[in-house]
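Input: a single structure, listed below in structure tokens.
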Amino acid sequence: MKNALPALFLLVSCAAALAADPAHTVVQSGRAFRPAEVSINRGEALTFTNNDEFIHQIFVSGLFDSDERSPGENLTENFTQSGTFEVHCHIHPKMKLVVHVK
Amino acid sequence: MKTTLALLTMTAALFTLPAFAADTLFADMGGQPGIDRLVDASVDNYLADDRIKATFDESNMDRVRAEFKVQFCQVAGGPCSYSGHNMAAAHKGLHLTNADFNAVVEDLQAAMTSCDISFATQNRFLARLAPYQHQVVTR
Amino acid sequence: MRVVLGASVLAVLLFSQAAFAEDVSPGMINFDEGRLLATGGVSAVEGEGGGGLAPWALITGYGTRDGVGVTLHHTYVGLPDYQLITPGIAVGLFDRLELSYAWQAFDTEATGAALGLGQGFTFHQNIFGAKLKLIGDAVYDQDSWVPQIAIGLQHKENDRGAVIAAVGGKGSVGTDYYVAATKLFLAQSLLANVTVRTTKANQFGILGFGGDKHNSYTAQIEASAAYLVSRKLAFGGEFRTKPNNLGVAKEEASFDLFAAYFLNKNLSLTAAYVDLGNIVLHDHQDGVYLSLQAGL
């Protein structure tokens with residue numbers, strides 16, 4: 001039992017680190033995506049966090065079209081295909097995120 | 001005596017108003033076709049108005065026009081159900097002032113006039129829009 | 001006196017900027033002309049914003065709560081036996097505070113001679129006004145019964161102390177206090193205002209304050225109603241009761257029927273038929289009221 005505790009702690013912190021991985025988080029603020037360009041591996045997910053004063057949604061033509069999220073909310077989208085995709089917002093057409101999926 | 005008479009006349013005048021007349025505003029504005037025409041004319045005015053056009057710089061104007069058409073229909077008493085965002089949430093990030101709100105009103109008045117909506121009818125519609133100031137103006 | 005007043009107005013303008021404004025930079029005076037046409041009323045006979053006879057709860061000019069507005073006016077009242085000319089200036093600060101100054105010249109024409117004062121004997125008044133909006137917004141609160149309410153005062157100084165005393169008046173300086181409630185029934189294109197004033201003024205202060213018959217403050221009532229014909233034109237009427245402090249002459253309520261035309265946010269013209277009732281020796285003092293207001 002005593003030996004299992006450090007291993008358990010390691011497992012939990014790894015899981016926590018993975019869940020909050022900044023490389024897979026995109027922030028919406030100032031009616032823009034930050035960063036404006038990301039690279040991820042096929043099958044990975046991007047978490048979109050609305051840190052803005054506006055309601056946002058996200059879509060990629062032909063792939064997905066999300067619900068709206070209010071400031072403070074987030075949503076996660078899996079990228080299951082390789083390629084380069086542009087993520088936009090129906091409400092704010094100037095918002096663009098380029099996603100390179102390897 | 002003169003004073004009492006004047007006071008009574010003015011009070012009577014206020015209370016004989018058709019306060020409970022049937023609500024014909026939607027029809028008086030030309031139904032949905034009239035509303036659609038009004039929204040397009042007013043949005044054109046907003047985009048040409050140096051005081052407020054920048055407010056729309058990052059907006060999806062097709063979506064904005066469509067939302068106005070549903071919302072105005074509902075406000076005018078038409079058979080529409082506006083399911084868009086609450087007005088406060090939708091405008092919060094824009095930090096609008098009373099001057100901004102009033103500029104929209106003025107542009108809307110001009111559009112209503114160009115759509116041949118009578119001044120009396122314009123005011124009936126504006127009376128329903130005016131309270132949105134409380135939600136839309138945040139600065 | 002006028003220089004001191006002008007300087008004070010400017011000082012209040014600058015310092016209240018800091019008190020009332022939020023994100024306007026200090027020292028910046030913003031003539032935003034942001035309010036809707038006609039929502040500042042016109043300039044009333046004592047210099048404040050309102051109708052022609054009564055102060056309204058509206059703040060003069062077109063400054064929104066983020067800015068200021070200034071209006072200048074000139075008013076002429078032509079009666080069968082008298083004439084009143086009154087120019088003035090008013091500032092509206094952040095749609096909250098209004099400060100005004102009007103100078104009145106009341107010409108007694110032939111009556112002056114009849115009274116042994118001389119043909120064209122003229123009374124002059126300096127009227128300093130202040131008005132503070134307390135609650136409500138006449139334009140936006142269409143979903144509420146609550147009117148826009150303001151309190152105000154008018155401090156009046158008359159230069160004919162000796163004549164005032166001779167006709168039984170008790171003072172040549174006096175201050176009126178009032179509460180005004182203005183409601184715009186936009187769906188009916190109708191504006192209504194009720195003002196309650198406490199005053200000792202005889203004929204608006206032209207014959208001084210207090211009298212041999214009665215020498216304390218009395219409550220008076222003023223009401224205005226206006227119908228908006230178009231964005232630029234309003235028709236309406238008002239009445240205003242007055243005290244009866246002097247034994248020498250009865251005083252009656254005043255009435256007017258007006259048309260106010262707002263060319264744009266810089267210029268408006270008001271024309272009215274006015275009935276001021278009895279003034280000293282003469283009954284039926286009714287005639288024309290013309291007022292021009294210019295502003296920024």
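Against the empirical 2.2 N^0.38 Å scaling, what ratio does the C-alpha Rg of region B:50-128 come to?
Computed over Cα atoms of region B:50-128, the ratio equals 1.15.
From zero outward in steps of 20 Å, how is the percent of C-alpha pairs of the protein assembly as shown spread across the bins?
Per 20 Å bin, starting at 0, the Cα pair percentages come out as 19, 40, 24, 12, 4, 0.
At a Förster distance of 25 Å, what's the computed FRET efficiency of C:ALA105 paired with C:LEU132, Cβ-Cβ distance as r, to 0.05?
0.30
Taking a quarter of the surface of the convex hull around the Cα atoms of region C:150-296, what do you get in nm²? Before the final figure, lay out each step's value.
Values: hull surface 37.5 nm².
Projected area, direction-averaged: 9.4 nm².
A:ALA45 label point, 7 Å along Cα→Cβ, cut-off 11 Å on backbone N: hits in region A:65-96?
Backbone N within reach: A:75-79.
May I ask which of C:LYS131/C:LYS250; A:LYS96/B:LYS69; C:LYS133/C:LYS183; A:LYS94/B:LYS53; C:LYS131/C:LYS170 have a Cα-Cα span longer than 18 Å here?
Long pairs (Cα-Cα over 18 Å): C:LYS131/C:LYS250; A:LYS96/B:LYS69; C:LYS131/C:LYS170.
How big is the convex hull of the Cα atoms of region C:158-236, per residue, in Å³?
Per-residue hull volume (Cα only) is 106 Å³.
If you put +1 on each Lys and Arg Cβ and -1 on each Asp and Glu Cβ, how big is the dipole of the protein assembly as shown around its Cα centre, in Debye rounded to 20?
760
Once phi is turned into ³J(HN,Hα) by the Karplus curve 6.51 cos²θ - 1.76 cosθ + 1.60 with θ = phi - 60°, what whole-Hz value does each residue of region C:165-172 show in order, with x for glycine and proline?
5, 5, 8, x, x, 9, x, 9
Can you tell me the relative contact order of chain C? Whole percent, Cα pairs under 8 Å, sequence separation 6 or more.
Relative contact order of chain C: 15 percent.
Assuming R0 = 35 Å, what is the FRET efficiency of B:THR24 and A:THR84, from their Cβ-Cβ distance, to the nearest 0.05?
After rounding, the FRET efficiency stands at 0.05.
Using θ = phi - 60° and the Karplus relation 6.51 cos²θ - 1.76 cosθ + 1.60, list the HN-Hα couplings for region A:76-86 in order, rounded to whole Hz, with x at every Gly or Pro.
So the J values, rounded to whole Hz, are 10, 10, 8, 10, 9, 10, 7, x, 10, 10, 10.
With each label point set 7 Å from Cα along the Cα-Cβ vector, what nm distance links A:LEU63 and C:VAL288?
Roughly 7.7 nm, to one decimal.
What number, in percent, do you get for the relative contact order of region C:108-185 if the mean sequence gap of Cα pairs under 8 Å and at least 6 apart is divided by its residue count? Each step should come with its number before you reach the end.
Working: 131 pairs, mean separation 21.4, N = 78.
27 percent.
On C-alpha positions alone, give me the angle between the axis of helix C:2-20 and the longest principal axis of chain C, in degrees, nearest 10.
So the helix axis and the longest Cα principal axis differ by about 30 degrees.
Work out the length of the dipole vector of region B:26-136 about its Cα centre, built from +1 on the beta-carbon of each Lys and Arg and -1 on the beta-carbon of each Asp and Glu, and round it to the nearest 20 debye.
360
Report, by chain and number, residues whose modeled amide H sits under 5 Å from the one on A:VAL26, excluding near sequence neighbours (fewer than 5 apart, same chain).
A:THR47, A:PHE48, A:THR49
Can you tell me the alpha carbon radius of gyration of region C:63-212 divided by the globular rule-of-thumb value 2.2 N^0.38 Å?
For region C:63-212, the normalised Cα radius of gyration comes out at 1.24.
Out of all Cα-Cα pairs in region C:30-295, roughly what percent, to the nearest whole number, are more than 35 Å apart?
Value for region C:30-295: 13 percent of Cα pairs lie more than 35 Å apart.
Give the order of B:MET29, B:MET61, B:MET87 when sorted by the count of other beta carbons within 10 angstrom, beginning with the fewest.
B:MET61, B:MET87, B:MET29
What is the diffusion coefficient of region C:157-203 in µm²/s, taking the Kirkwood radius over Cα pairs and the Stokes-Einstein relation at 4 °C with a viscosity of 1.567 mPa s?
97
Just so you know, all these numbers are worked out from the coordinates, no wet-lab data involved. Keep in mind that this is a model prediction, so the values were computed, not measured. Glycine gets a Cβ as well: all are built from the backbone with ideal geometry, and neighbour counts include every protein chain shown.
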